[in-house]
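Notes follow once the structure below has been shown.
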Amino acid sequence: MTWSFVLANQAGTTIDVLDGSAKQVQLEYQRSDVSKAIVQLDVDDDRAFTLITQVASITPRLYAYRDGVLKFAGFLTSIEQTADNEANLTATFEDGLALLRYRISEGTPDSPVEYFAQNSANIIASTSTLGGYRSLLSQANFNTASGLAVGTVTATTVVVDSLNVSREVILDRVLEISKMTGGPDLRVNPQAQGATLATLDVGPLYTSQTPTITFGYGAGTPVNVLSVAQQITPPQTRVIVVGNEVESSSTVTAAITTAESAVGRWEAVEQRSDLQSVTDCQNTADALVRAGWTQTISFTPDPAIAPSPLQDYNIGDPVRLVAIRGSIAADATVRVNKIGLTIDNSGVETDHSVECEVGNAVVTAPAVPKTTNTATNTDAPLTSSTQSISTAVNFGRRGI
């Protein structure tokens, strides 16, 4: 598999091709969040000079192709240059979702945009007015097209009781709505070189529950992982969200109460001035709860047999993770949250990294392949909820 990188202007017209020039490119894909490409050039390279020259008059774009298929489209958001023993230019390009970081919502403190009893997905991207107000994405594109267009919008089960916005960063509001309990997923679709950089799908997008790939370390597993590291961090059993003149605590279920009898009470507070109702504050608080001690597991798979990101699996896909050695015991079906790729100056992938949801509780009994471990499987919901912890899967791979 070979990558190619095209530098273009805001209309998508090619300015230059970076193949053979970029020292390294790092791609970072994130589920329901901004993805990016980090490009490193030598400051003495003509293409570095081209990029700096273009910044004077336009906002450059980067299009990344894997075997001729477009896999990323982004716009320049920062450049760093250093000169010592080595002289490097590092340019960061972010995908279409990041365009909303540079658009401010309508409304004023005296006359805010008010959404009442509206579906969370529609608030983000509906093409119709909602109670007389435009959706957040429509606001971003109202005066001048941002480059991010509406894709598919599918309603979620979550209806936001009351949300006010007034001259706020649209991206912040979009991400916060998506992270409410049961909130919508976000998927950015890069578009062929042209005025539209990407389209945005909003709704319950990542719903598959069945893994097709297993990463394993230890006897009885696929043994495609060379090393494993586990980190265990504290719970967050009760959360208070303070909105605009309202507040609410997370719902304390019997399971939480039972957990607290063992792990104790762990409290946290979140400030959300845009939320106007107790229900919305509660949904946000519930999304922040961690019922038990959480684990982060890092893997280094065998590069000869490990599955390939963007080919064998993608963002939002479920995979199975198994790690067994002494006190390290994990066996769970999890969802991919992040994928990272490093590409060398020949366009060849040299390293991969993946982060997945694992669950909210440490495994309390040895994980045995092909059996059910109640602690892990119960606490690893494959939903859009942020009630999860991260598992990092680090690949060392060449010539894929």
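Can you pull out every residue in the range 328-376 that is in a loop (DSSP other than H, G, I, E, B) and modelled with pLDDT of 80 or more?
The initial filter retains those residues of the range 328-376 that are in a loop (DSSP other than H, G, I, E, B), namely 345-348, 358-373.
Within the range 328-376, Asn345, Ser346, Gly347, Val348 qualify.
Mind counting the residues in the range 22-37 that are over 11 Å from Gly340 (Cα atoms) and not acidic (Asp, Glu)?
Residues of the range 22-37 that are over 11 Å from Gly340 (Cα atoms), as a first pass: 22-24, 31-34.
Still in the list and also not acidic (Asp, Glu): 22-24, 31-32, 34.
Total satisfying the criteria: 6.
Within the range 258-268, identify whether any single residue is in contact with a Pro (Cβ under 8 Å, 6 or more places away or on another chain), open to solvent by 20 Å² or more (accessible area, probe 1.4 Å) and aliphatic (A, V, I, L, M), and answer yes or no. Outline the logic, then answer.
Of all residues in the range 258-268, those in contact with a Pro (Cβ under 8 Å, 6 or more places away or on another chain) come to 259, 263, 266.
Right, trim to open to solvent by 20 Å² or more (accessible area, probe 1.4 Å) and you get 259, 263, 266.
Now drop any that are not aliphatic (A, V, I, L, M), which leaves 259, 263.
Yes: one or more hits.
Quick test for you: out of Ser135, Ser78, Ser111, Ser128, pick the one residue that is closer than 14 Å to Ile170 by Cα and either open to solvent by 60 Å² or more (accessible area, probe 1.4 Å) or not charged (D, E, K, R) (or both). Show your work before the answer.
Numbers: Ser78 fails: closer than 14 Å to Ile170 by Cα; Ser111 fails: closer than 14 Å to Ile170 by Cα; Ser128 fails: closer than 14 Å to Ile170 by Cα.
Within the list Ser135, Ser78, Ser111, Ser128, the selection yields Ser135.
Just to be sure I understand the filter: pairs with C-beta atoms under 6 Å, separated by 6 or more residues or on different chains, first member in the range 146-163 and farther than 14 Å from Leu130 by Cβ, second member β-branched (Val, Ile, Thr) and assigned to a strand (DSSP E or B). Which pairs pass?
The qualifying pairs are Ala149/Thr199; Gly151/Thr199.
Given the conditions (1) within 17 Å of the chain's Cα centre (by Cα); (2) open to solvent by less than 10 Å² (accessible area, probe 1.4 Å); (3) in contact (Cβ under 8 Å) with a residue 60 or more places away in the chain, report the number of the one that Ala64 does not fulfil.
(1)
Each row is one residue, and each column tells you yes or no for (1) in a loop (DSSP other than H, G, I, E, B); (2) in contact with a strand residue (DSSP E or B) (Cβ under 9 Å, 6 or more places away or on another chain); (3) in contact (Cβ under 8 Å) with a residue 40 or more places away in the chain.
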{"residue": "Val188", "(1), (2), (3)": "no, yes, yes"}
{"residue": "Ala192", "(1), (2), (3)": "yes, yes, yes"}
{"residue": "Ala195", "(1), (2), (3)": "yes, no, yes"}
{"residue": "Asp201", "(1), (2), (3)": "no, yes, yes"}
{"residue": "Leu205", "(1), (2), (3)": "yes, yes, yes"}
{"residue": "Gly216", "(1), (2), (3)": "no, yes, yes"}
{"residue": "Thr221", "(1), (2), (3)": "yes, yes, yes"}
{"residue": "Ala229", "(1), (2), (3)": "no, yes, yes"}
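Considering only residues that are open to solvent by less than 50 Å² (accessible area, probe 1.4 Å) and hydrophobic (A, V, I, L, M, F, W, C), which ones fall in the range 154-179?
Val158, Val160, Leu163, Val165, Val169, Ile170, Leu171, Val174, Leu175, Ile177
Just need a number here: residues in the range 46-59 that are open to solvent by 40 Å² or more (accessible area, probe 1.4 Å) and in contact with a strand residue (DSSP E or B) (Cβ under 8 Å, 6 or more places away or on another chain).
So the answer is 5.
Please count how many residues of the range 332-347 are touching a Pro at 6+ places or on another chain (Cβ under 7 Å) and farther than 11 Å from Val319 by Cα.
2
Filter the range 291-315 down to residues that are surrounded by fewer than 15 Cβ atoms within 10 Å (Cβ to Cβ) and aliphatic (A, V, I, L, M) and give me whichever is modelled with the highest pLDDT.
Among residues in the range 291-315 that are surrounded by fewer than 15 Cβ atoms within 10 Å (Cβ to Cβ) and aliphatic (A, V, I, L, M), the one modelled with the highest pLDDT is Ile305.
For the range 182-197, how many residues are open to solvent by 40 Å² or more (accessible area, probe 1.4 Å) and over 24 Å from Pro60 (Cβ atoms)?
Counting residues in the range 182-197 that are open to solvent by 40 Å² or more (accessible area, probe 1.4 Å) and over 24 Å from Pro60 (Cβ atoms) gives 1.
Collect the residues in the range 219-244 that are at pLDDT 85 or above, open to solvent by less than 40 Å² (accessible area, probe 1.4 Å) and more than 21 Å from Ser353 (Cβ to Cβ), keeping them in residue-number order.
Val239, Val241, Val242, Gly243
Considering every residue within the range 83-92, establish whether at least one is modelled with pLDDT under 95, farther than 30 Å from Glu349 by Cα and in contact with a strand residue (DSSP E or B) (Cβ under 8 Å, 6 or more places away or on another chain).
no
The values are calculated or read from the model by the stated rules, or taken from the named source; none is laboratory data. Note that the coordinates shown come from a computational prediction; the quantities given were computed from them, not determined experimentally. With ideal geometry, Cβ positions are generated from the backbone for all residues, glycine too; neighbour counts draw on all protein chains shown. Ligands, DNA and RNA are excluded from the accessible area calculation, which covers all protein heavy atoms including side chains. Shrake-Rupley method; radii C 1.70, N 1.55, O 1.52, S 1.80 Å.
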